[in-house]
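The values are calculated or read from the model by the stated rules, or taken from the named source; none is laboratory data. All values reported here derive from a predicted model rather than from experimental measurement. Counting neighbours? That spans all protein chains shown, and the Cβs are built from the backbone with ideal geometry, glycine included.
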Amino acid sequence: MSDTPLLRVERALRRCTVAFPYLTGLAAAARVNLDTRVPTMGVFASGRMVANPTFVASLNEADLGFVVAHELLHLALRTHSRARGSNLMQFNIAHDYIINDILRHELGVARIPAGGLDMPNARLRSAEEILLELRRQARSQAAEGASRQRVWQVGEGASQGGPGDAGDPDGDVLADALEREWFEASAAEQRALQKQIEQTARRGLQVAHARGKLPGSLLSQMGLEPGASSQVVESRRGAYRAVALLPLQRWIESVAMGPRTFERPARRSAASAGVVLPGRRRESWTLNIVLDTSGSMTDELPRALGAIADFCESLGVDQVRLVQCDAAVTADEILEPQALARKRIDGWGGSDLSPALRHLALDPLVRAVVVITDGDILMPDESMPYELLWLLPPESRPGFSPVQGRVLHLDPREA
């Protein structure tokens, strides 16, 4: 009698631990369910793996092992949490390219099984860099069909939000809400299991790294590797309409020191559609800004620097404390707004703003922080001891939900 699909998947999980010892903990923690509601295979952040029995039966042992390892690597690389605040479909596709190329390289296979997404040398690129390329392609093509092979990557419906949304069972990075609907899992149970999975993944990768057994491509894909690039960026002033500064002004009024005054109306504000923004009397207060310098911000950084300069001029800010961060703090400087006209930007690596936010938390004088980011980031789970305002450029994806602070989407200047 031949093995059942469930036994074959469980055996494939055990085989993964031979080829990838750092996945041993995840393979042991995975819980397998056969389910025809998924067309192929998928995984929840809690470690629950679901597989269509017909799909499993269609694969030979080697290809099944590849697909199962693919799902475990989604857990190891934290695809679910890293996609939070971003476009789930696009982030999943970026990780599919990377994971498949990692497995091809590590297993020495010539082809990606089951028609999986294939991008040679994707393992050498960041998810953010691939995301940027996908978005550029999407803007230049009438349809994205060529970028959406339906294998075990996300489907159409998953593009409308983050991992907490209902999602689409056609994808392989499955949403929390879908698990609660299908398996009557409670939110508390999910959070506990997700925390265990993240700790298990981190521990396995750290041990492998300490022993020199972790492939370099995986280390760079953990989302925690800072970049090593520098580039002088010329700011682009006036990218956002003056009226878009009003919510920012109201927020600053609530956190900044010094009385309001119309004695010194901002030059740019006075010339903008009758909008006059009151500045503050100069009392040498500093605006704390965290600037996301990850690879996904490549196109946005000139406008971001220009926006900071516009804010300072319109709101009477004397100094800016500019903290640059990709996956590490790469610069922490006190600057006059004029210095932002041409600024060296360091980073261009991963997307984790936790180091910058925690860095500022150590300074007792910091009362408020403005974060400029596209939302494709990791962030702390805990609240910071200061007020937070998140400024997102117009093309940022909806659904960005930080644990603390207000989110403001900037409006582009009308032509």
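Observations, loosely collected:
- Just so you know, in the stretch 370-409 the residues that are touching a strand residue (DSSP E or B) at 6+ places or on another chain (Cβ under 7 Å) and acidic (Asp, Glu) include one that is modelled with the lowest pLDDT, and it is ASP374.
- Residue within the stretch 11-24 that is of a type in the set (D, E, K, R) and at positive phi present: no
- Pairs meeting the criteria (first residue in the stretch 274-297 and farther than 22 Å from LEU388 by Cα and β-branched (Val, Ile, Thr), second residue in a helix (DSSP H, G or I) and modelled with pLDDT under 70, beta carbons under 7 Å, at least 6 apart or on different chains) are VAL275/ALA242; VAL275/VAL243; VAL275/SER269; VAL276/SER269; VAL276/ALA270.
- From GLN190, GLN153, residue being surrounded by 15 or more Cβ atoms within 10 Å (Cβ to Cβ), of a type outside the set (A, V, I, L, M, F, W, C), modelled with pLDDT of 90 or more and in contact with an Asp or Glu (Cβ under 9 Å, 6 or more places away or on another chain): GLN190
- Across the stretch 39-68, the number of residues qualifying as hydroxyl-bearing (Ser, Thr, Tyr) and farther than 23 Å from GLN194 by Cα comes to 2.
- Extreme residue, surrounded by the most Cβ atoms within 10 Å (Cβ to Cβ), among residues of the stretch 321-340 that are within 21 Å of the chain's Cα centre (by Cα) and not in a strand (DSSP E or B): ASP326
Okay, residues lined up against (1) out of contact with any strand residue (DSSP E or B) (no Cβ under 6 Å at 6 or more places or on another chain); (2) hydroxyl-bearing (Ser, Thr, Tyr); (3) at pLDDT 90 or above:
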{"site": "PHE91", "(1), (2), (3)": "yes, no, no"}
{"site": "HIS95", "(1), (2), (3)": "yes, no, yes"}
{"site": "ILE98", "(1), (2), (3)": "yes, no, yes"}
{"site": "GLY115", "(1), (2), (3)": "yes, no, no"}
{"site": "SER126", "(1), (2), (3)": "yes, yes, no"}
{"site": "ILE130", "(1), (2), (3)": "yes, no, no"}
{"site": "ARG135", "(1), (2), (3)": "yes, no, no"}
{"site": "ALA138", "(1), (2), (3)": "yes, no, no"}
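- Selection within the stretch 115-132 - surrounded by 14 or more Cβ atoms within 10 Å (Cβ to Cβ) and assigned to a helix (DSSP H, G or I): ALA122, ARG123, LEU124, ALA127, GLU128, GLU129, ILE130, LEU131, LEU132
- The residues listed here are ALA110, ALA114; of these, the one that is over 16 Å from the mean Cα position of the chain (by Cα), without any contact (Cβ under 8 Å) to a residue 40 or more places away in the chain and in the same structural domain as PHE55 (by TED's automatic domain parsing) is ALA110.
- Residue match in the stretch 291-305 (condition: at pLDDT below 85, within 23 Å of GLY405 (Cα to Cα) and either in a strand (DSSP E or B) or of a type in the set (Ser, Thr, Tyr) (or both)): yes
- Exactly one residue out of ARG413, ARG367 is over 18 Å from the mean Cα position of the chain (by Cα), within 25 Å of VAL317 (Cα to Cα) and at pLDDT below 90: that is ARG413.
- Restricting LEU75, LEU64 to those that are touching a residue at least 24 places away in the same chain (Cβ under 8 Å), within 18 Å of ASP352 (Cα to Cα), buried (at least 24 other Cβ atoms within 10 Å of the Cβ) and in contact with a helix residue (DSSP H, G or I) (Cβ under 9 Å, 6 or more places away or on another chain) reduces the list to LEU75.
- Some residue of the stretch 389-405 being over 27 Å from LEU77 (Cβ atoms) and over 19 Å from the mean Cα position of the chain (by Cα): no
- Annotation note: of THR36, THR24, the sole residue that is surrounded by 17 or more Cβ atoms within 10 Å (Cβ to Cβ) and either within 20 Å of GLU198 (Cα to Cα) or polar (S, T, N, Q) (or both) is THR24.
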